[in-house]
Amino acid sequence: MRLVLRLLLLTCLAIALARAYAFLGYAAYQVVSPADAYHLEPKMAHLAWRVQHGRVLYPDWQSGPNHVTNFFSPLYFLAVGGIGRLLDAELEGLTRIGRVVTIASGLAAAALAGLASGRREGRFAGLFAGIVAIGAAPMIGFSTMVRPDTTADLLGFAGFLAAVGRGRPGRGRLALGGALLLAAIFAKQTAGLYAAAAVLALWLVGERRRSAILAGGIALASAALVAAVTMTVEPRFAADLLGEAGTPSSLENWRRILWRLWILGREMLLLTAVGVPLWVVRRRRDLPLLLPPAALMLCCSTAVLLNYREDPILMLTASLVPIVVLGLWAAIEPDRPREVPLATLAAVLLIGSAVAALKLGSELNYFMGLRLVAALAAGAIWGSVQRYCSSPEPGRSGAVRSVVMAVGLGVLGYGMIPSLVHALEQKGNVRSLVRFERGPGGVFVEARRQLQRVAADPGVWLLSDSGEIQLRQGDRAAFVDPWLFRVMVESGRIRPDAIRQRLEDRGYELVITTKDLWDAVEPYDSYTFGLPPELADAARRNYRLIGRHGGLFVYRPIETPAPPLERQGG
């Protein structure tokens, strides 16, 4: 049976290796692709551009005609924009710099998870943990685009390990951890979950004085920095850091995100549910600690069985979830030291990410940090199974335990396959796109670049819902996040009177959209990444379609004679 267990571990390692390889290929193609890596990447590139060119990073978005919003922390954009300034990068180069910083941060966090697990469980367990942290479902898109998530996770995870770590933290380590956690918060506000986990973990292990010092230090430093920046260089800094608080919640979107997490990244939930008891359950009195992860798995299984009964594969997966959890709980070692901080991190990230994902527009990136917890749990499983194989339990109870562990490892390997398939599919998609753009799609790409050059002309006034067009407009862009702009207009936080009046006056020389304003099959007004309906109505009244160029729809004022663009294809 020991041979079977080791073969199952190697099978899980092979699946993780294949997924990591697929992700690295996907990331390499994304770096060189001229297309957006994922939704709203141009907005992030625009914020880095503002830093590069010395513009205000938090502009006034309430008074028109420009409504550029920035509700993100500044550190990532300061880094990317600063590098872009040093290298004198053009927009395409700045975008690649941002993508490289994002990818490097994600891989560095995976390496850190491997090192942390290796110190606890041994070299091979650390290697397994590091590989499991690469290519998880939330990394597709969000960890290859210009975006601060992976950088914030790297800083937050490193800060947590430094502040809590193994053993009693000294003053220097606590200070380093606090500094990294503070940097994480100023890279992305949701990274405050790592600070909360560190403070709570120190409290639970009896280091209450250090817990209070860490909490107070981070709070005071954050308040001082925010106040200083707000009073000196960025008057809207404090208010805009809380800008997302005005975004409405959506239970329907929340259910969709949790379902996608289950479909594409169920191994993260499985490993988290297993990791908590592996780290803290040692005696019979600890058994109540199994209730939260057991409830989590039961809820996931029930949701699948009740809502997706027509899919037998999903039914099988859901019914096997309790088996894998019970099977891997069999690896619990009574004499192993507890890892309360890791269990605390798992609980805080899982609960905090789920609550944060209630926000309308949330996506799988809210669970990015959970992949690091899953990686640490994977390393703990590897170490526990290896130690059991080295000293197996004799008798019938040992045989039963071996069988249960084998079933659990088998189902865990099966649970990693969806994210492997997802990574392979996305790698194939972006590879095909890059080859198309370099081959027969060159005409298509050139047509879009022609429009980008028009948008970059400071003498041309145009309105667009296309991120790549808005990015080229620089300071003249009316907005750079079409989804958020529409939400804020519809919720009354923005009044686009100046834009609407310019449309009514036919003051824009061009209106460029990513979808036809007169689409009868899927109406433009239902398109969440388009102009708000009131602006779309004004455009329809005053502008006419002159052609489609590079997949974008181009409109001119009704009274204006058609330019040469009208006779071009695209």
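Please report the spacing between the Cα centers of region 360-389 and region 525-554 in Å, no decimals. Between the Cα centres of region 360-389 and region 525-554 lies a distance of 44 Å. Each of [x] 628; [y] 173; [z] 160 is a candidate for volume of the Cα convex hull per residue in Å³; the one calculated from this structure is [z].
Annotation for region 84-121 versus region 43-80: alpha-carbon center distance of 21 Å. Quick check: at a probe of 1.4 Å, how many percent of the accessible area of the chain sits on carbon and sulfur atoms? Answer for the chain is 63 percent, counting heavy atoms of protein chains only. Could you tell me whether region 171-284 comes out rounded, prolate or oblate from its Cα gyration tensor? Rule is a ≥ b ≥ c as square roots of the eigenvalues, rounded for a/c under 1.5, then prolate if a/b exceeds b/c, otherwise oblate. Judged from the Cα gyration tensor, region 171-284 comes out oblate (a/c at least 1.5, b/c at or above a/b). Which FRET efficiency value, to the nearest 0.05, do you get for Val56 and Leu86 by plugging their Cβ-Cβ distance into 1/(1 + (r/R0)^6) with R0 = 22 Å? So, using R0 = 22 Å, E works out to roughly 0.60.
Across region 131-175, the residues whose backbone nitrogen lies under 18 Å from the label position 7 Å along the beta-carbon direction of Ala221 are 151-165, 169-175. For region 457-534, the square roots a ≥ b ≥ c of the C-alpha gyration tensor eigenvalues yield an a/c under 1.5, which makes the shape rounded.
Looking at the chain alone, DSSP beta bridges between its own residues are antiparallel in about 75 percent of cases. Assuming R0 = 30 Å, can you tell me the calculated FRET efficiency for the pair Ser250 and Ser391, based on Cβ-Cβ distance, to the nearest 0.05? The formula returns an efficiency of 0.05 here.
Could you please put Arg476, Arg486, Arg19 in sequence from largest to smallest accessible area, using a 1.4 Å probe?
Putting Arg476, Arg486, Arg19 in descending order of accessible area: Arg476, Arg486, Arg19.
Using R₀ = 22 Å, calculate the FRET efficiency as 1/(1 + (r/R₀)^6) where r is the Cβ-Cβ separation of Ala228 and Ala104; round to 0.05. FRET efficiency, Ala228 to Ala104: 0.15.
Computed with a 1.4 Å probe over protein heavy atoms only, the accessible surface of region 443-557 comes to 39 Å² per residue.
Antiparallel beta bridges, as assigned by DSSP with both residues in region 443-557, represent about 75 percent of the total such bridges. Relative to one another, the C-alpha centroids of region 218-272 and region 144-170 are positioned 16 Å apart. For a modelled paramagnetic label at Ala356, 7 Å from Cα along Cα-to-Cβ, the residues of region 228-252 in reach, with backbone nitrogen under 20 Å, are 238-252.
Cross-link partners of Lys359 among lysines, defined as those whose alpha carbon lies under 25 angstrom from its own and excluding same-chain residues fewer than eight positions apart: Lys43, Lys188.
Each helix, a run of at least 4 DSSP H residues, gives -39500 (n - 2.57); summed and divided by the residues of the chain, these come to -21500 deg cm²/dmol at 222 nm.
The values are calculated or read from the model by the stated rules, or taken from the named source; none is laboratory data. Worth saying up front: this structure is predicted, and the values here are computed from it rather than measured. We place every Cβ from the backbone using ideal geometry, glycine too, and count neighbours over all the protein chains shown. Note: areas computed on protein heavy atoms with side chains; ligands, DNA, RNA excluded. Shrake-Rupley method; radii C 1.70, N 1.55, O 1.52, S 1.80 Å.
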